[in-house]
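All remarks here apply to the structure that follows.
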């Protein structure tokens, strides 16, 4: 997304083609207004259903997609699944826009391949924050060699995968699903402050991260486990873990998409 990114790059500076899919004209007007404010250099393309979103992606390249989940006909979930299968769209940011009150909808969004989600009505600050995260991810991709050394033990990962190409795809895909699932669970448990349940989730996540060679994530998970076992546990490390999970998922996804 955009060009000439560096550590100081902001969403405001980006030149990008953005696809907005929403069947509600009021929501679309609001989305267009916010995007024009946040990314004034972006080219904004509108569609009113998932089928048209898929069709646009078949014939054009977009840098970002805002996808309403509840649309008639082909909904945002199915549209995302199909778009992810198109050439060049395996890692394009797709932001799901959800009602936020449907049980299990958040999980369905991310399982379908959405990169992130925001509840309706969208708030400009929340949209900016999410988009800025993807700008930062792009910077990481441009410095991937250094990032890999800091966050991923390639030797350990290769030892697990071996030379079997089909197993590599299966294994990396499983790692991505397990890490995403663990984070969903941690976010839910964080609200209830169920420390014992959180420790169980962290223990499993640490095993996944260690096996996958995600050394920094494994270390942070271990540190948080120890923190939760202390007499006065805090959850501040969860914020650091979220950023590390995003980095780890990006690195593993890049490996999964290698030809």
> Pairing the Cα long axis of helix 237-256 with the longest principal axis of the chain, what angle in degrees results, from 0 to 90 and rounded to the nearest 10?
Replying inline: 70 degrees
> Taking the simple approach of a point 7 Å from Cα along Cα-to-Cβ for both residue 85 and residue 180, what is their distance in nm?
Replying inline: 1.6 nm
> If R0 is 22 Å, what FRET efficiency do you get for residue 258 and residue 58 from their C-beta distance, rounded to 0.05?
Replying inline: 0.40
> Between residue 78 and residue 25, how many nm apart are label points set 7 Å from Cα along the C-beta direction?
Replying inline: 2.5 nm
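Counting helices only, and only those DSSP H runs with n ≥ 4, report the 222 nm mean residue ellipticity of the chain as the sum of -39,500 (n - 2.57) divided by its residues, in deg cm²/dmol to the nearest 500.
On the way: 11 runs with 154 residues, N = 259.
Helix-only estimate at 222 nm: -19000 deg cm²/dmol.
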> Rounded to the nearest whole Å³, what is the per residue volume of the convex hull around the Cα atoms of the chain?
Replying inline: 135 Å³
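With r as the distance between the Cβ atoms of residue 240 and residue 132 and R0 = 25 Å, compute the FRET efficiency 1/(1 + (r/R0)^6) and round to 0.05.
Numbers: r = 17 Å, r/R0 = 0.69.
Approximately 0.90, to the nearest 0.05.
If a/c stays under 1.5 just call it rounded; otherwise compare a/b with b/c (prolate if a/b is bigger, oblate if not). Do that for segment 11-141, with a ≥ b ≥ c from the square roots of the Cα gyration tensor eigenvalues.
Working: a/c = 1.27, a/b = 1.14, b/c = 1.11.
Cα axes put segment 11-141 in the rounded bin.
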> So how far apart, in nm, are the two label points at residue 70 and residue 200 if each is 7 Å from Cα heading toward Cβ?
Replying inline: 3.2 nm
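Under the definition of Cα pairs under 8 Å and six or more residues apart, what whole-number percent is the relative contact order of the chain?
Details: 345 pairs, mean separation 36.8, N = 259.
That works out to 14 percent.
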> Exposure proxy check: 173, 22, 163 ranked by fewest other beta carbons within 10 Å?
Replying inline: 163, 173, 22
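Which FRET efficiency value, to the nearest 0.05, do you get for residue 99 and residue 154 by plugging their Cβ-Cβ distance into 1/(1 + (r/R0)^6) with R0 = 45 Å?
Details: r = 41 Å, r/R0 = 0.92.
The computed FRET efficiency comes out at 0.60.
Would you list 74, 200 from fewest to most Cβ contacts within 10 Å? If you can, show how the numbers build up before the last one.
On the way: 74 18, 200 13.
Exposure proxy ranking, most exposed first: 200, 74.
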> Between rounded, prolate and oblate, where does segment 144-256 land on the alpha carbon gyration tensor, with a ≥ b ≥ c its root eigenvalues, rounded for a/c under 1.5, else prolate if a/b exceeds b/c?
Replying inline: prolate
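Coordinate-derived values only; no laboratory data. These numbers come from a predicted model, not from an experiment. Backbone-built Cβ (ideal geometry, glycine too); neighbour counts: all protein chains shown.
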